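The values are calculated or read from the model by the stated rules, or taken from the named source; none is laboratory data. Just so we're clear, the structure is a prediction, and the values are computed from it rather than from any experiment. Using ideal geometry, Cβ is built from the backbone for each residue, glycine included, and neighbour counts are taken over all protein chains shown.
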Amino acid sequence: MESSRDILGAQREWQGRAVLLMDLDAFFASVEQLDHPQWRGKPVIVGGQAGKRGVVSTCSYEARAFGVRSAMPSSTAARLCPQAVWVEPHFKRYRELSAAVMGILYDESPLLEQVSIDEAFLDVTPGRFVRESPVAIAARIQQRVSQLGITCSIGVASGKSVAKIASDLDKPRGLTVVYPGSEQAFLAPMEVRAMPGIGKQSALKLQALGIRTLGDLAAAQPAQLKGVFGVNAAAFVHRAAGIDERPLVTESEVKSISNERTFTRDLTSRAEIEAAIDYLGCMVGRRLRKQGLAGHTVTLKLRYSDLSSRTAQHSIGSQVDDESVFIPVAKQLLGQVWRPGDSVRLVGIGIGGFHEKDQQMELFGDGSAEELPAGNPALVSAADKVRDRFGDGKLVFGRQLKLTVETTANPNRDASS
Ligand code: TTP
Ligand code: MG
């Protein structure tokens, strides 16, 4: 461990719940440096090449020193750091290392929530599944991950939001521990944007109310904040005070990821239904990637104007998380459940079949049994980040523009139990 920060100084016995958040450092770039020893210590940029309208997926810390960042246009990155080594992403390899890292975490505790390809929460509450101190467990995870040839940063705290914020404080190779009872002091001086879920718009609205720091937010009345957070106002005030009892959601609980929409008027043409499939498919793809899930089964669900519904399903030979691959499959399914003249009230798309991991992969062009579009992983990944930051409305692909019908109902996430 090269750096560590312990918010109250001396290490002491942990009381109560302990959650850690592990996030790999400059993940894709670190894997490239591992696989190409001649690139170690050099600025390495993973992403689409400059000149081809590409974007940066990520870059090594050596490239960050020049101001290069994720989601930046490649042309800008090339200008900031002309000597950088450029490499296209190798997703199969990243998934392989991600799986190895998740295995290290599972060795410590079975209660794991994978948030993305390089990030996971782990419950290490003493007396629940583990007996050792959470800090010792975190240090061992860092050590074992470094034996794989990559590094990670970890935040340890009593709940998810503080663990997440702590993990980011001392990157790379940081270990930041926030002992139970010290959460509020830890958060109070931070700007509200430090809290996951508070974006630029919310921060501006809070500022107008005189709330700039998490300390200010913790002291606010939830009733004042309905216009900013809606029904979540009280939850955000609690979180700002360091109280966050949200449980971890384990992968085995997630059976499928699906989104559906009820339309305020019936869709009657194939073009309209396909536009809905495009729209919903993009949402499902983004949620899959966010959670590091990929599935075999594509499901299309339609509800008609007489309120009857039908679903059609197709299993594909590889696990997919890229909508440019599974949307065409969903459109093929349309022929099984829709005939010209049918009026459609609701459209839903789901991806399931997450568990047959041994058959996984070959997703990106190498030898899949079926002819599927190759997809564009670097593009979808960058698009996800823009949407995360600015909201769904800000980035619209051409194929989504046709969908102008208003929608109701909320995205739904199927989980057992
Ligand atoms: P992050 O954990 O956000 O970034 P990182 O691991 O590269 O760097 P850090 O040390 O700050 O954690 O994302 C994990 C991977 O996801 C990243 O290596 C590449 C990919 N990614 C993109 O493809 N596009 C993006 O805009 C971002 C942020 C990440
Ligand atoms: Mg990371």
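Comparison of Gln38, Gln83, Gln15 shows that the only residue that is of a type outside the set (Ser, Thr, Tyr), modelled with pLDDT under 95, surrounded by fewer than 22 Cβ atoms within 10 Å (Cβ to Cβ) and more than 10 Å from ligand 1 (Cβ to nearest atom) is Gln15. If the condition is being at pLDDT 90 or above, in contact with a helix residue (DSSP H, G or I) (Cβ under 9 Å, 6 or more places away or on another chain) and among the hydrophobic types (A, V, I, L, M, F, W, C), then segment 274-297 contributes Ala275, Ile277, Leu280, Cys282, Met283, Val284. Restricting attention to segment 161-184 and to residues that are buried (at least 22 other Cβ atoms within 10 Å of the Cβ) and away from ligand 1 (no atom under 16 Å from the Cβ), the residue that is farthest from the chain's Cα centre (by Cα) turns out to be Tyr179.
Of all the listed residues (Lys171, Lys92, Lys160), the sole one being under 26 Å from Gln38 (Cβ atoms), of a type in the set (D, E, K, R) and away from ligand 2 (no atom under 15 Å from the Cβ) is Lys92. Taken as a whole, the condition of being surrounded by fewer than 19 Cβ atoms within 10 Å (Cβ to Cβ), away from ligand 1 (no atom under 12 Å from the Cβ), over 16 Å from Val19 (Cβ atoms) and not polar (S, T, N, Q) applies to Ala100. Tally up the residues in segment 113-125 that are at pLDDT 95 or above and away from ligand 1 (no atom under 12 Å from the Cβ), please. Going through segment 113-125 one residue at a time, the tally reaches 5. Of the residues contained in segment 255-276, none is found to be part of a helix (DSSP H, G or I) and over 30 Å from Gly335 (Cα atoms). Answer yes or no as to whether Ile273 is in contact with a Leu (Cβ under 8 Å, 6 or more places away or on another chain) and over 13 Å from Gly352 (Cβ atoms). For Ile273, the condition - in contact with a Leu (Cβ under 8 Å, 6 or more places away or on another chain) and over 13 Å from Gly352 (Cβ atoms) - is met. Here Lys226 meets each of (1) over 25 Å from Val156 (Cβ atoms); (2) touching a Ser or Thr at 6+ places or on another chain (Cβ under 9 Å); (3) charged (D, E, K, R) with one exception, condition (2).
Within the set Leu225, Leu248, Leu280, the sole residue that is in contact (Cβ under 8 Å) with a residue 12 or more places away in the chain, touching a strand residue (DSSP E or B) at 6+ places or on another chain (Cβ under 9 Å), assigned to a helix (DSSP H, G or I) and among the aliphatic types (A, V, I, L, M) turns out to be Leu280.
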